[in-house]
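For reference, the structure is listed below as structure tokens.
The values are calculated or read from the model by the stated rules, or taken from the named source; none is laboratory data. As the structure is a prediction and not an experimental result, all values here were calculated from the model. Cβ sites come from the backbone with ideal geometry, for glycine too, and all protein chains shown count toward neighbours. Just so you know, the surface numbers come from the protein's heavy atoms only, side chains and all, with ligands and any DNA or RNA stripped out. Shrake-Rupley method; radii C 1.70, N 1.55, O 1.52, S 1.80 Å.
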Amino acid sequence: MVTLEGKSVCGGIASGKIFMFTRDESIVKRTHVDSSEKETARFLDAKKKALAELDALYEKAVNEVGKSSAMIFQIHQMMLEDLDYIESIENIIADQMINAETAVAQTCDNFVQMFEAMDDSYMRERSADVKDVSERLIRILSGKSTNVLDSDTPVIIAADDLAPSETVQFDKDKILAFVTERGSSNSHTAILARMMNVPAVIGVNGLTEGGYGGMEAIVDGFAGRIYIDPDEKTAADMEAKLREANRQRELLQNFKGKESVTADGRRIELCANIGNVKDVSLALSNDAEGIGLFRSEFLYLEAEDYPTEDVQFAAYKEVLSKMANKRVVIRTLDIGADKQAEYFNMPHEENPAMGIRAIRICLERPEIFKTQLRALYRASVFGRLAIMFPMITSEWEVQKILEITEAVKAELDKDGIPYSGTVELGCMIETPAAAIISDVLAKYFDFFSIGTNDLTQYTLAADRQNPAIGRFCDAHHKAVLRLIKLVCDNAHNNNIWVGICGELGADQSLTELFLALGVDELSVTPSSILPIRKKVIETDVGKIHGDAVSNVDIVNSLL
């Protein structure tokens, strides 16, 4: 038996034969052409076919994993239409009088070097997208067929890495697990694997050179481990682990319909994070008590131009109506950093995570902000709406936000358009600045929601998109926990509620601490709601306070 270690990006247990996925790499031979015009026409015809393939892949991905995860294929289409990319290929053909395959390969190398030299980790990862797009063009120009999974039975797919187009082209019914030697937990492929709910492990050294194709293996997606040719004891242990995971999943169904109340009567609201209207069904099927974070930016990311007021109104109305008067917290536009929409024409920034993003865009471009606020207030009569503003750092920002909000309401009054008078307003606490002045900010708002992902990265100066940052981006860091406690205290001292909507909200090792600190709401991925509810119901907050070595005492000792 051989045991290989990697990093988990999607949990689960899978056993079966390994299918070693290798690409039919196109060997590009440089050849002279007599007519650059004819060769350019051949390139443009290949580009047209590539766009059609990507369009088909997008539709397939939408059906299987949803619009937000399928966006990568629209990004690839935009890359194919990029003028710099196209002009580079056409110029190489014309200047050097060479075949289109070589021109595409040269352009690919140049663009990959450019992306890989960038400081931003998200942009560095886009080099894989350039390779994917260019390989597609070269394959079409070479007359080769599309890669498919050549297996009649379900298999564990192993590869050096997987491009998003390769991942989505596989027949989902034939995939037991994904295992790759490279890749990052923030790559599009990892995201697709999680959306497909397929066990996946990345960063497995020695995977592709071990000659493991066709061998029996077990993938432990929980531990990030692969057992090649497992012995009887390992197979039995993994089978027991799978049975236990399935048993726990079934037991969690018993917590549907139950209140999220601790053993000593402390109530907390468990809500869902969603990215689009389609996700509401997931929230309801997992018994969410509300929507704690609706990422409205996906309405912008999935569009080719600014979504109109009516388009946004229809989406917000549908979510509010489906949630049947449960609170729906909609975050205003949070574009920027790792979330870019081409039509915003944002200038290049050396450090976009600290640049013009989120509320800063809204205040710099108030016409965009007003359109969204009008749509939100119009939809407010169809449910229980709360509006949340991201990336707050200063009191003047809040004053300006409220000024714009009142102006929008005045416009609606003038137009005779009804809206609810009970809309809650809140802000995200995701910067150290907001946490430190949360006593000041609390006087303006009805609630806080702590975004632990950004709060961690900004507090620790650790890029959360960078897979190499590892232990330096520690969400359990004393400084992060101190800030969370400070925000909770300032919120409750000013009689407003406080929630957590970042990844830390689903961390069961901190659930007791959050309860002890008085967190009023946790908003997590839909699948995490029932496990957290089980933890809440089994917790006695009074005993936590009485334990001399409890988490809350540890945090108090740090202050």
Would you confirm, using the coordinates I've provided, whether residue 402 is at pLDDT 95 or above, among the hydrophobic types (A, V, I, L, M, F, W, C), touching a helix residue (DSSP H, G or I) at 6+ places or on another chain (Cβ under 6 Å) and closer than 24 Å to residue 497 by Cβ? no
Residue list for segment 366-404, restricted to those being under 27 Å from the mean Cα position of the chain (by Cα), open to solvent by 40 Å² or more (accessible area, probe 1.4 Å) and farther than 28 Å from residue 433 by Cβ: 384
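To keep it simple, each residue is scored yes or no on (1) open to solvent by 60 Å² or more (accessible area, probe 1.4 Å); (2) charged (D, E, K, R); (3) at pLDDT below 95.
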residue: 454; (1), (2), (3): no, yes, yes
residue: 470; (1), (2), (3): no, no, yes
residue: 480; (1), (2), (3): no, no, yes
residue: 490; (1), (2), (3): no, no, no
residue: 514; (1), (2), (3): no, no, yes
Please go through segment 97-115 and pick out each residue that is in contact with a Lys or Arg (Cβ under 8 Å, 6 or more places away or on another chain), modelled with pLDDT of 90 or more and either part of a helix (DSSP H, G or I) or β-branched (Val, Ile, Thr) (or both). 98, 100, 101, 102, 108
Given the options 220, 231, 264, name the one that is over 15 Å from residue 527 (Cα atoms), touching a strand residue (DSSP E or B) at 6+ places or on another chain (Cβ under 9 Å), of a type in the set (D, E, K, R) and touching a residue at least 60 places away in the same chain (Cβ under 8 Å). 220
Determine if segment 322-345 includes at least one residue that is under 23 Å from residue 398 (Cα atoms), surrounded by fewer than 17 Cβ atoms within 10 Å (Cβ to Cβ) and modelled with pLDDT under 85. no
Residue hits (segment 353-365; open to solvent by 40 Å² or more (accessible area, probe 1.4 Å), of a type outside the set (Lys, Arg) and closer than 15 Å to residue 431 by Cβ) are 354, 356
The condition of being hydrophobic (A, V, I, L, M, F, W, C), surrounded by 14 or more Cβ atoms within 10 Å (Cβ to Cβ) and part of a helix (DSSP H, G or I) holds, among 223, 235, 217, only for 235
When segment 257-282 is checked residue by residue, the ones that are open to solvent by 20 Å² or more (accessible area, probe 1.4 Å), touching a Ser or Thr at 6+ places or on another chain (Cβ under 9 Å) and farther than 25 Å from residue 453 by Cβ are 263, 264, 266, 267
Of all residues being modelled with pLDDT of 90 or more and either of a type in the set (Ser, Thr, Tyr) or open to solvent by 10 Å² or more (accessible area, probe 1.4 Å) (or both) in segment 170-198, which is farthest from the chain's Cα centre (by Cα)? Just the residue, please. 176
